[in-house]
Amino acid sequence: MKRRSVAQGAILLAVCSIIAKLLGGAYRIVLTGLLGAEGIGYYQLVFPLFALLLAVTSNALPLTLSKQISYELAQDRQGAVSRLVRKALIYAVIAGCGATAITLALSKVMANAQSNGDVYICYIAIAPAIIFVALSGVLKGWFLGHGNTTPSGVSQIIEVVTKLALGLLFVRLLAPWGVMYSVAGALIAVGVSEFIELVMLFIWYMSSAKHERALPKLAPEGKFFSTFLPITASGLIFPLIAFVDSIMVVNLLRLGGEIDGVSQYGILTGPVASIINMPIVLAMSISVAIVPAIASAMAGYDVVSVKQKTATTVKMCFMISMPFFLGGCIMSGKVVAALYPSLGEDHRQLTAYLLSLTSINIVVLSMLEVLDAILQGLGRLRSVLVNIAIGGAVKIIFELILVPKIGIAASGISSIVFYIIAFCLNGVYYNKLVGKNAKLFKSISKISLAGVIMSLSLLPGIFIGNSYVALAYAVAVGGAVYIGALLALKAVGEGEMKMLPLGRKLSKALRRVGYYKGDAL
């Protein structure tokens, strides 16, 4: 019964995270329509430093605290939890205030480094959010340590919905003062939404922890920073690379003679990234589910089970991401016209071009996310970090050489190279650990063939004048052809079918018509 409740909690948190990320992606789409390419460029310039400081100060807080609280509770030392929370709160206040002060102090330095001096007001606008996120992380850690995922999941959705509503309101209210103030308004909304999330979690915590706070205090057995620092280090690489990009890309574009560098950077990291990241959320949900299963199989030294579970997961991830990649590549113009009608014609064409160019990242980054999760489940976190760091270093070198010569497309290409290198290095390392899987390669070949067949069915959609009708055609016809091709090629086994949304019902229907024969999986 306990295992079931833990599984249900993990599913609830994963579902809430997916909903929050999808809402966040939708918000970026609407925000781009209001701010335009230049405005979303300013908006995107600010976030890498913000994300980097969060990675240093607070991203590891929920996981660190939840692990230590779970340990103390397992040892029947509930009286130690309050002291753990107090230590974490002290750290959150000091680190959060320090990071906020750093953001304020560096606001003009960063703006000048990014060759956009007025952006400093945007850094000031978002600075207070850092301390709110840190404090919220402590409270989330307390709930997760007690096996209660509901507050963390619900608070994520409330935070995104609040940011969406207030962000759109503030952007409109501040529009008369210019685009930079509109961007600052959207960033102020980030801080307000984080504060509302903090208040909600605090009220929930005060109600839930009454009994625990009244217990006699015990000294915690675990050391907070011995767990916090490794988890923090593991989450630094991606934010660090994005931070370097935020300073480097616009300046390299200007070095190459581009006067519209901010808009181009904003298009790549805003509209294009928002479209690409939405289907990747599905892969992230798979990765969340696979880590406990892999860790459990490894604990029992069941290498066969590890190999089977990982192969199925990689196959499912590839199968889900493939149609989104093909749709983004072939129908990029229609997707951009439907989602970003307010962009100017030149910016729409650039967005469509970059989307078509980088849509391969839907597959590569999805696979990378899942393979990273698998290796972490196998206890190989350090190797994952080294491989990602190597890919990131190559990305930066590519950008330094190519961006001044060929423009913003070079940054998109460098991201593809980054993810492919990291994925290939992880793949080679995984094969060394558990061995090659010829059956998986055969399955991926079948899925790829189904994708080629689907691509042919999408081509008529390019000539449909109305973008919404064209997308409806792509989803209906392309989706039906893709599923039909997968079934005709027998690319999906019955057990794998059951892993998909509505898969159990579909597998039963296929068994009734004789598609699946023999014993049910």
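Using a 1.4 angstrom probe on heavy atoms only, work out the carbon and sulfur share of the accessible area of the range 324-401 in %.
65
Relative to the present Cα-Cα distance, how much length would full extension add between residue 247 and residue 308 at 0.36 nm per residue of separation?
In short, 17.6 nm is gained.
Quick one: what Rg and Dmax do you get for the range 34-88 from the alpha carbons, in Å?
18.7, 56
So how exposed is residue 204, as accessible area in Å² (1.4 Å probe, rounded to 10)?
Estimated to the nearest 10 Å², residue 204 gives 80 Å².
Could you state how much accessible area residue 464 has, in square angstrom rounded to the nearest 10, with a 1.4 Å probe and all protein chains kept in place?
Its heavy atoms expose roughly 50 Å² to the probe.
With all distinct Cα pairs included, what does the Kirkwood hydrodynamic radius of the range 1-150 come out to in Å, to one decimal, could you say?
So the Kirkwood estimate lands at 17.4 Å.
Looking at the range 366-462, I'd like the Rg to Rh ratio, where Rg is from alpha-carbon atoms and Rh is Kirkwood's inverse mean 1/r.
Checking Rg against Rh, the ratio lands at 1.08.
Please give the peptides 110-120, 352-362 ranked by average Cβ packing (other Cβ atoms within 10 Å per residue), highest first, as a rough proxy for protection.
352-362, 110-120
Cross-chain or 8 or more residues apart, Cα under 30 Å: how many lysine pairs in the range 389-468 fit that? Count them up, please.
Eligible lysine pairs with Cα atoms under 30 Å apart amount to 6.
Place +1 on the Cβ of every Lys and Arg and -1 on the Cβ of every Asp and Glu in the chain, take the dipole about the Cα centre, and give the residue among 199, 278, 376 whose Cα lies farthest towards its positive end.
The residue sitting farthest along the positive end of the dipole is 376.
Under 13 Å from a point 7 Å along the Cα-to-Cβ line of residue 433: which residues of the range 377-415 have their amide N that close?
Flagged as within label range: 377-387.
Would you please put 266-279, 190-203, 66-79 in order of how densely packed they are, using the mean number of other Cβ atoms within 10 angstrom per residue and starting with the highest?
266-279, 190-203, 66-79
Sort 83, 348 from largest to smallest accessible area, using a 1.4 Å probe on the heavy atoms of the protein chains.
The ranking, largest first, comes out as 83, 348.
Full-extension gain between residue 489 and residue 22, please, as 0.36 nm times their residue separation minus the C-alpha to C-alpha distance.
The residue 489-residue 22 span can extend by a further 164.9 nm.
When we measure straight from the Cα of residue 505, which lysines land under 17 angstrom away, once same-chain ones fewer than 8 places off are left out?
Leaving aside lysines fewer than 8 places away in the same chain, those within reach of residue 505 are 517.
Determine the calculated [θ] at 222 nm for the chain from helices alone, applying -39500 (n - 2.57) to every DSSP H run no shorter than 4 residues and normalising by the residue count; nearest 500 deg cm²/dmol.
When only DSSP H runs of four or more count, the value is -27500 deg cm²/dmol.
Just by accessible area at a 1.4 angstrom probe, what is the order of 336, 15 from largest to smallest?
15, 336
Whole number in Å², please: accessible area per residue of the chain, 1.4 Å probe, ligands, DNA and RNA not counted.
Per residue, the chain has 45 Å² of solvent-accessible surface.
If one computes P(r) from the Cα atoms of the chain, what percent of pairs lie at distances over 45 Å?
For the chain, the share of Cα pairs beyond 45 Å comes to 15 percent.
Where the accessible area of the range 228-287 is counted over protein heavy atoms with a 1.4 Å probe, how much of it, in %, is carbon and sulfur?
Its accessible area is 73 percent carbon and sulfur atoms.
With the contact rule set at Cα under 8 Å and sequence spacing of 6 or more, what percent relative contact order holds for the chain?
In percent, rounded to a whole number, it is 17.
Which peptide among 49-58, 307-316 comes first, and what is the full order, when sorted by highest mean count of other Cβ atoms within 10 Å?
The peptides rank, most packed first, as 49-58, 307-316.
The values are calculated or read from the model by the stated rules, or taken from the named source; none is laboratory data. Please read these numbers as outputs of a predicted model, since none were measured by experiment. With ideal geometry, Cβ positions are generated from the backbone for all residues, glycine too; neighbour counts draw on all protein chains shown. In case anyone asks, the SASA skips ligands and DNA or RNA and just uses the protein heavy atoms, side chains included. Shrake-Rupley method; radii C 1.70, N 1.55, O 1.52, S 1.80 Å.
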